[in-house]
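Reading through the structure tokens given below for one structure.
The values are calculated or read from the model by the stated rules, or taken from the named source; none is laboratory data. This one's a predicted model, so the numbers in the text were calculated from it and none came from an experiment. Cβ sites come from the backbone with ideal geometry, for glycine too, and all protein chains shown count toward neighbours.
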Amino acid sequence: MDYEVKISEMKTLFCAERSPAVDKWGTYCLPTMNRTVDGDLLIRVNGHGDNELPDQDCPDIFFLSRDNAKTWHQINQNNDEKEGNRGSIFSDRFVVLPNGNMHTIARDQSRIKPLENAEPIKKFENINHDAVLSIFRLSDLPDSCIAFDFISVVDGTVTRQPMTIEDEQLEVIIPSEGADHDKNIYVPIPLYWKYRPMYSLCKAPSGCWLAVCAGQIPDVKDYLCTGAYLLESADGIHWKRRSIITERHDSMLPFGVDEFCEFSIAFADNGTLICVMRTDKCMDLETSPTCGTLCCVSYDEGLTWTAPVEIADSSTTPVLTKLPNGLIVFTYGRPGVHMMITEDGEHWSRIYPILGKTLKENLAEGRDFLDCKFYHTISYSNIYPVVTGENSLSLCTTYQVYAEGEDIPTKNTVIFDVTVDRKANHSDFS
């Protein structure tokens, strides 16, 4: 279909000064944007890297907008220093219902405690060699290790209620050792469940709440291999498994997928539930040289799912954002940041570039796969756009600038504002 898409000029919010700490992989690369309980917009630019070692972190940086993303100013935010809270300030975007009420899932910082005196059922090094991961059954974890809350803002009143998740088989992933790359060793760290917990809260047409949880595939013993599990709740507080969206099986073999990570779900106006999944950690680049975004759809609110199909050639932080006008914007990245539009999860628009070139375009220019996707990528990833109007959203991401001959970039946090409308005559899917 044809759409009227307008993407603003890039606005730079923050430029990290180079230093040995800032130069580490992942530091100041994952800005997140969300609503506050007051309805303002808050961006957190992460100071933690990807090696899981809290003593090598930088301070988080915070920016606030009180005018719906028109202007931003830096603020001093009370940033809890407890290791288990790193990265958990935003668990999920607020769901804003038509009546203006807002709901989200978050971790209760005051309740989170490390897991102690527990033996994992599996333990292995992850594919990036930046952590050792321990696998536990969710049913074996104490409440203090889970500490999920369902937060509601109804008519201006904020309520926060502890959640329960009933699933005897779900296997959760907890980093138990972090990589000190300077010393080339792994260092034991406190056992906090912070590795891909729950994603993408949404409300079904029938009224129940749905969210995606990542879990280790039970029959894989010696490497990280995650599946997507759909959870359901009638009240947002008591959760149980509704279905397995997808896990490794024969239909995945053409894609060479050994790990799903990062998921997003959204309902189309026709009732179809759409799920997109990152497969960026594919272990077989010869089988699946693109590690693209896979998409499944469900016609019964997530009870059953179609076989996955690849819809994009890269997949870092694939996110579906439903606009009030009914259009669903799909954003994804690395290399670059791009977007597509759908109204049903089965027909997709052309690619609209936001920042940089797609993987296919980079490879066509003769660039190496790993170089353009990981080593000299223009953007680390794009993170969670937030709806700002009937036809508009705002997103923040990183813009990485490499000086000639250098392998370490200068890291900039940047913002784009996007509007999407149907054209008067739109009939062709491309």
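I'd like the full set of residues that are in a loop (DSSP other than H, G, I, E, B) and not charged (D, E, K, R), limited to the range 20-35. Of everything in the range 20-35, those that are in a loop (DSSP other than H, G, I, E, B) and not charged (D, E, K, R) turn out to be P20, A21, V22, W25, G26, T27, Y28, C29, L30, P31. Scanning the range 401-418 for residues that are in contact (Cβ under 8 Å) with a residue 40 or more places away in the chain and out of contact with any Asp or Glu (no Cβ under 6 Å at 6 or more places or on another chain) yields T410, K411, N412, T413, V414, I415, F416, D417, V418. Checked against the criterion of being under 27 Å from S200 (Cβ atoms), touching a Cys at 6+ places or on another chain (Cβ under 6 Å) and of a type outside the set (G, A, S), the candidates I351, I378, I415 yield just one match: I415. With the structure loaded, tell me whether K70 is modelled with pLDDT of 80 or more, out of contact with any Phe, Trp or Tyr (no Cβ under 8 Å at 6 or more places or on another chain), assigned to a loop (DSSP other than H, G, I, E, B) and exposed (fewer than 15 other Cβ atoms within 10 Å of the Cβ) or whether it fails that test. It is true that K70 is modelled with pLDDT of 80 or more, out of contact with any Phe, Trp or Tyr (no Cβ under 8 Å at 6 or more places or on another chain), assigned to a loop (DSSP other than H, G, I, E, B) and exposed (fewer than 15 other Cβ atoms within 10 Å of the Cβ). Consider the range 338-383 and keep the residues that are in a strand (DSSP E or B) and under 17 Å from G26 (Cβ atoms). The one that is modelled with the highest pLDDT is I383. Tallying residues that are among the hydroxyl-bearing types (S, T, Y), in a helix (DSSP H, G or I) and over 28 Å from G49 (Cβ atoms) within the range 130-185 yields 1.
Being charged (D, E, K, R) and under 30 Å from N270 (Cβ atoms) is not true of K194.
The criterion of being basic (K, R), over 21 Å from C225 (Cα atoms) and exposed (fewer than 15 other Cβ atoms within 10 Å of the Cβ) holds for K183.
Of the residues making up the range 384-430, just one is modelled with pLDDT under 90 and crowded, with 18+ Cβ neighbours inside 10 Å, namely Y384. Filter the range 145-160 for residues that are on the phi > 0 side of the Ramachandran plot and small (G, A, S); which is surrounded by the fewest Cβ atoms within 10 Å (Cβ to Cβ)? Only one residue tops the list, namely G156. Of the residues making up the range 233-280, just one is part of a helix (DSSP H, G or I) and either among the polar types (S, T, N, Q) or at pLDDT 95 or above (or both), namely S251. For the range 346-387, residues that are in contact with a Leu (Cβ under 8 Å, 6 or more places away or on another chain) and touching a residue at least 40 places away in the same chain (Cβ under 8 Å) total 13. Considering the range 323-337, the residues that are of a type outside the set (S, T, Y) and in a strand (DSSP E or B) include one that is nearest to V401 (Cα to Cα), namely V337. Within the range 148-204, the set of residues being hydrophobic (A, V, I, L, M, F, W, C) and without any contact (Cβ under 8 Å) to a residue 12 or more places away in the chain comprises just one member, I185. Any idea how many residues of the range 57-67 are touching a strand residue (DSSP E or B) at 6+ places or on another chain (Cβ under 6 Å) and assigned to a loop (DSSP other than H, G, I, E, B)? Counting residues in the range 57-67 that are touching a strand residue (DSSP E or B) at 6+ places or on another chain (Cβ under 6 Å) and assigned to a loop (DSSP other than H, G, I, E, B) gives 1. For the range 309-343, a residue qualifies if it is under 14 Å from A266 (Cβ atoms) and out of contact with any strand residue (DSSP E or B) (no Cβ under 8 Å at 6 or more places or on another chain), and exactly one does: G326. Determine whether the range 41-51 contains at least one residue that is touching a residue at least 60 places away in the same chain (Cβ under 8 Å), closer than 17 Å to D407 by Cβ and assigned to a loop (DSSP other than H, G, I, E, B). Yes: the range 41-51 contains one or more residues that are touching a residue at least 60 places away in the same chain (Cβ under 8 Å), closer than 17 Å to D407 by Cβ and assigned to a loop (DSSP other than H, G, I, E, B). The residues on offer are E9, E4, E81, E17, and the sole one that is modelled with pLDDT of 95 or more and in a loop (DSSP other than H, G, I, E, B) is E9. As a summary of the residue check, G178 satisfies the conditions (1) modelled with pLDDT of 90 or more; (2) over 19 Å from Y299 (Cβ atoms); (3) touching an Asp or Glu at 6+ places or on another chain (Cβ under 6 Å) except for the one numbered (1). For the range 201-230, a tally of residues being buried (at least 20 other Cβ atoms within 10 Å of the Cβ) and of a type in the set (S, T, N, Q) returns 2. Listed conditions (1) buried (at least 18 other Cβ atoms within 10 Å of the Cβ); (2) farther than 30 Å from G39 by Cα; (3) not basic (K, R) are all met by E166, apart from (1). Suppose the filter is more than 23 Å from V132 (Cα to Cα) and either of a type in the set (G, A, S) or in contact (Cβ under 8 Å) with a residue 40 or more places away in the chain (or both); does N34 pass it? Considered against the rule, which asks whether it is more than 23 Å from V132 (Cα to Cα) and either of a type in the set (G, A, S) or in contact (Cβ under 8 Å) with a residue 40 or more places away in the chain (or both), N34 comes out as yes.
Checked against (1) touching an Asp or Glu at 6+ places or on another chain (Cβ under 9 Å); (2) closer than 20 Å to T27 by Cβ, D421 passes all but a single condition, namely (2).
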